[in-house]
Amino acid sequence: MAIIGGIGVVSFRQPIRSVLSLVVVMIALSVLFLLLSAQFVFVVQIIVYAGAVMVLFLFVIALLGPAREIGRSRLRFQAGLSGLFVLALFGLMYAMFQGISYRQPEQTDMSVFGSVQSIAAGLFTSYLFPFELTSILLLVAAIGAVYLSRQRGPDDGLRPPAGSGGESPTRGDV
């Protein structure tokens, strides 16, 4: 299901459908956490990523509107570069299936894997800086989306409210 959702993310032309495909990927990822007995991470993945972050993405896309997207032509070397990346991907997959051994993970106590205590200890000790940096990055992205979606007038100034005419009423209008 995650692979189908990932293909949908890159193949759909409408941004709303791509975001909904990304929701499918996030839900499939959360099911993988559930299969690994990490129930807390499963719930957080559903609530935070498939819920809040995807709603934020949908809000930004709806705020910007599809009419703002301008189709651009492809780069000259885009086809060759994409072919190179596809070859590199298949080369890595071939090497992985040929039995290249990777480092074995450390033995962990599965009774605390994915628990609230183990996640909190890692999140607020070793990963505090990346956690805060990510929250600042999301805040800046939301502010940037609102700034880009502002409608500007021909003089780039504030326009008077609609229907006011921008002038004061005369004696005959009162």
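Nothing in this text is a laboratory measurement; each read-out follows from the coordinates by a stated rule. Just so it is clear, the structure is predicted and the values come from calculations on it, not from any experiment. No Cβ is skipped: glycine too gets one built from the backbone with ideal geometry, and neighbour counts run over all protein chains shown.
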- [ ] Multiply the residue gap between residue 132 and residue 28 by 0.36 nm, knock off their C-alpha separation, and tell me the result in nm, one decimal place.
- [x] 34.8 nm
TODO: Set the Förster distance to 41 Å, then compute FRET efficiency between residue 148 and residue 88 from the Cβ-Cβ distance, nearest 0.05.
DONE: 0.75
Task: Extension gain, residue 9 back to residue 53 (0.36 nm per residue minus Cα-Cα distance, nm) - done: 14.3 nm
TODO: Can you pull the one-decimal nm distance between simple spin-label points at residue 141 and residue 121, each 7 Å off the Cα toward Cβ?
DONE: 3.1
